[in-house]
1. Being of a type in the set (Gly, Ala, Ser) and closer than 23 Å to His156 by Cα narrows it down to one of Ser65, Ser78, Ser95, so name that one.
2. Check Asp8, Asp12 and return the single one that is in contact (Cβ under 8 Å) with a residue 24 or more places away in the chain, within 16 Å of Gln274 (Cα to Cα) and assigned by TED's automatic domain parsing to the domain that holds Ile103.
3. Go through (1) farther than 24 Å from Val260 by Cα; (2) of a type outside the set (Gly, Ala, Ser); (3) touching a helix residue (DSSP H, G or I) at 6+ places or on another chain (Cβ under 7 Å) and name the single condition Glu40 misses.
4. Here is a check on your reading of the model: is Glu207 outside any helix (DSSP H, G or I), touching a residue at least 40 places away in the same chain (Cβ under 8 Å) and either charged (D, E, K, R) or touching a Pro at 6+ places or on another chain (Cβ under 6 Å) (or both)?
5. One residue is enough: does segment 181-196 have a residue meeting the conditions farther than 21 Å from Asp12 by Cβ, basic (Lys, Arg) and modelled with pLDDT of 95 or more?
6. Given the conditions (1) buried (at least 21 other Cβ atoms within 10 Å of the Cβ); (2) part of a helix (DSSP H, G or I), report the number of the one that Glu250 does not fulfil.
7. Can you give me the number of residues within segment 85-107 that are at pLDDT 95 or above, surrounded by fewer than 21 Cβ atoms within 10 Å (Cβ to Cβ) and over 16 Å from Val11 (Cβ atoms)?
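The values are calculated or read from the model by the stated rules, or taken from the named source; none is laboratory data. Model, not experiment: these values are computed from the prediction. Virtual Cβ from ideal backbone geometry, glycine too; neighbours counted across all protein chains shown.
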Amino acid sequence: MKWNIVFDSTVDIFEGFDEYIDNNNEIRFETIPLKLIVGEKQFVDDGSIDIDELLKSMKAEKKASHSSCPSPEAFANSFRQSEYNLCFTMSSAISGTYQSALIAKQMVEEENPNAKILLIDTKATSGVLLLMGKKAAQLIKKGLEFDKICVELEKHVKSLELTFSLADFDTFIKTGRVKPFVGAIASKIGIRAIAIKTAEGKIDVAEKARGEQRNIQKILSIMEKTKDLTNSTVVISHCKNAVAAVKIQEKLIENGVKEVLICACKGVSSFYAQEKGIIISY
């Protein structure tokens, strides 16, 4: 195969993604899994994780859980499979995954000076990676040359935004980012923390809301203020919160958004979003 689109496993891809972008077997997709360490348990984010078990294990574990990025060799093995490679990773500000992929890129380019590898730090996670993969496939199908595709993708990633909402603060309590008493009270009375990604790929809490309905209203308000969504594709990833995801989808479509996709969070996204978490990429 000529083209290889590579993600780390923070990407939330829905079933049928290949058919959705009209693959026709000219593009190879691969997701490189991270690992999640919960006490003595290790979960490999290769699509086989039981999300209920993961969340239950994290709740039961007294110490903070953490993720482990893929090895450079895992990315390198993927890059060796195709002539042209387009790789998208989660923000380097919150994970070493980009650095691992960068080492892999350098390894493969030393082995093969003709290798063509574009590596992009998305400064985000989840649906932003999916949107980059979709854009890459569209450019490939236009018949553009590799260098031109690189320019267009570097431009496109700067236009993407991410907003997310948390209902469960257990992870933040265990990592010391939220005091236990404050986190317990917030969860008990239904407080939602609404955050956005910064230009540097870090997390910034933008709003707080009490109750799901108010939470949705504030999320939509932030999105509308951030950019014109009329001709956009929006990706809603949810962790055990399909009802809220559908409500947001309906509101966005009512407001004229071109396309709204819903994905269930996979392992890493569920690890960070926690139960009832919502991640919106646009």
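1. Ser95
2. Asp12
3. Status for Glu40: all satisfied but (3).
4. When the stated conditions are applied, Glu207 does not pass them.
5. No, that holds for no residue.
6. (1)
7. Counting residues in segment 85-107 that are at pLDDT 95 or above, surrounded by fewer than 21 Cβ atoms within 10 Å (Cβ to Cβ) and over 16 Å from Val11 (Cβ atoms) gives 7.
Conditions (1) more than 22 Å from Glu275 (Cα to Cα); (2) among the aliphatic types (A, V, I, L, M); (3) assigned by TED's automatic domain parsing to the domain that holds Met132, marked per residue:
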site	(1), (2), (3)
Met58	no, yes, no
Ser78	yes, no, yes
Gly96	yes, no, yes
Ala104	yes, yes, yes
Leu119	yes, yes, yes
